[in-house]
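Engineer: I'd like to ask some things about the structure below.
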Amino acid sequence: MEEVKETVEQEAVRQEQAAEPEAAKQEQAAEPEAAKQEPATEPEAPVETMADYAKELEDSFRKIKEGDILTGTVLSVNEEGVVLDLRYYAQGIIKAEDVSDAPGFSILRDVKAGDVMEASVVKVDDGQGNILLSRKAANQILAWDKLKTYLEEGTDLTVKISGVTNGGVIAYVEDIRGFIPASQLSLDYVEDVNPWLGKTVKARVITVDQAKRKLVLSSKVILREESVKERERKIAMVIPGSVLEGTVESLTPYGAFVSLGDGLSGLVHVSQISSKRVKSPADVLHVGDKVKTKVLKTNNGKISLSMKAVEENDETEKVEDFHFKSEGNATTSLGSLFANLKLDLK
């Protein structure tokens, strides 16, 4: 029996020894998998130092005095006023009456949390640990500088007409009262300015006098520039060689100006009126006469026309009037513009 027991024990030892290499292999195979599943080590957060807050600390302890202009971010707003974050140990307070003088201004509608404002220091301590500010006072200082910049750069502004006077209308820019003379409202003569009240127009600063608190604006300068550009666009659409019908609108010793419609006109030089010798345009033409002309060339914003070229080419076919007019502000397409024109490209 002892021999049998010894044999069993030896067999058990052999099996245990055989199992050890296999277990080791399984353990080694499991290690890479475990390594894959092990979460990556997160990078260490940067260590913050006092140097990172140097600017904030410097701002919070800077010396503030009455009259200084500070910039802050609106934290809250209510009917009583605005609270500003000045990046300072004390907050800024602007009373409602010190925010703006602009007509129609509403503190609850026009001021929102997150807005950036500039305001002048009225009191360093309002008695409750806050800095009392005035946006209106700051505007009186900063606005004139902005207005001078608008004047120098020819900035186009959008303004609302908030009042009328005998000679023009009132519009505020940067909370400064500006005046637009009636003569500067439109390209046309404006006799009654009352219909302009409440309208929004584009205007440009033409006079800034801080000492006299004088601000003058003009819409006319913008409209004139736009008119010139529109005329150039229309002239670019006129095809040399086209035969057009127009109306004589004026006579000069050197020729006749013929209206082609919608503000465009061209010159028929006295030498181009007829194949016969003409001493004076008035000898053969009268204002209001309907004439057929051929476009010789368009350059430098001018249209050169010839009646003689039509006469020499025996242009007998009826030619439609040349019109550029369209609905609203849209412009007539090139295709529709010349759909009914008879072209002579000889």
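Engineer: Going through region 98-116 one residue at a time, which ones are of a type in the set (A, V, I, L, M) and in contact with a strand residue (DSSP E or B) (Cβ under 6 Å, 6 or more places away or on another chain)?
Structural biologist: First, the residues of region 98-116 that are of a type in the set (A, V, I, L, M): 99, 102, 107-108, 111, 113, 116.
Ala102, Val111, Ala113, Val116 - these are the residues of region 98-116 that are of a type in the set (A, V, I, L, M) and in contact with a strand residue (DSSP E or B) (Cβ under 6 Å, 6 or more places away or on another chain).
Engineer: Of the residues Leu147, Leu132, Leu86, which is hydrophobic (A, V, I, L, M, F, W, C), within 30 Å of Arg224 (Cβ to Cβ) and crowded, with 17+ Cβ neighbours inside 10 Å? Walk me through how you get there before you give the answer.
Structural biologist: Numbers: Leu132 fails: within 30 Å of Arg224 (Cβ to Cβ); Leu86 fails: within 30 Å of Arg224 (Cβ to Cβ).
Result of the check over Leu147, Leu132, Leu86: Leu147.
Residue-by-condition table, conditions (1) more than 12 Å from Leu244 (Cα to Cα); (2) exposed (fewer than 11 other Cβ atoms within 10 Å of the Cβ):
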{"residue": "Ser274", "(1), (2)": "yes, no"}
{"residue": "Arg277", "(1), (2)": "yes, yes"}
{"residue": "Pro281", "(1), (2)": "yes, no"}
{"residue": "Val284", "(1), (2)": "yes, no"}
{"residue": "Lys292", "(1), (2)": "no, no"}
{"residue": "Leu296", "(1), (2)": "no, no"}
{"residue": "Met307", "(1), (2)": "no, no"}
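Engineer: Here is a further query. Output yes when any residue across region 204-215 is in contact with a helix residue (DSSP H, G or I) (Cβ under 9 Å, 6 or more places away or on another chain) and farther than 30 Å from Asp98 by Cα, and no when none is.
Structural biologist: Looking through region 204-215, none of the residues is in contact with a helix residue (DSSP H, G or I) (Cβ under 9 Å, 6 or more places away or on another chain) and farther than 30 Å from Asp98 by Cα.
Engineer: Also, quick follow-up: Sort through Gly104, Gly154 and tell me the only one that's surrounded by fewer than 16 Cβ atoms within 10 Å (Cβ to Cβ), under 26 Å from the mean Cα position of the chain (by Cα) and modelled with pLDDT of 95 or more. Outline the logic, then answer.
Structural biologist: Details: Gly104 fails: modelled with pLDDT of 95 or more.
Being surrounded by fewer than 16 Cβ atoms within 10 Å (Cβ to Cβ), under 26 Å from the mean Cα position of the chain (by Cα) and modelled with pLDDT of 95 or more holds for just one of Gly104, Gly154, which is Gly154.
Engineer: With the requirement that a residue be farther than 13 Å from Ala90 by Cβ and polar (S, T, N, Q), what does region 116-163 give you? Lay out the reasoning, then the answer.
Structural biologist: Here is the first cut: in region 116-163, the residues farther than 13 Å from Ala90 by Cβ are 116-120, 122, 134-163.
Residues satisfying the conditions are Ser120, Ser134, Asn139, Gln140, Thr149, Thr155, Thr158, Ser162.
Engineer: Would you pick out the residues in region 232-257 that are assigned to a strand (DSSP E or B) and without any contact (Cβ under 8 Å) to a residue 40 or more places away in the chain? Break it down stepwise before answering.
Structural biologist: As a first pass, look at region 232-257 and keep what is assigned to a strand (DSSP E or B): 242-252, 255-257.
The answer is Glu249, Ser250, Leu251, Thr252, Gly255, Ala256, Phe257.
The values are calculated or read from the model by the stated rules, or taken from the named source; none is laboratory data. This is a predicted model, so every value here is computed, not measured. All Cβ positions, glycine included, derive from the backbone under ideal geometry; neighbour counts span all protein chains shown.
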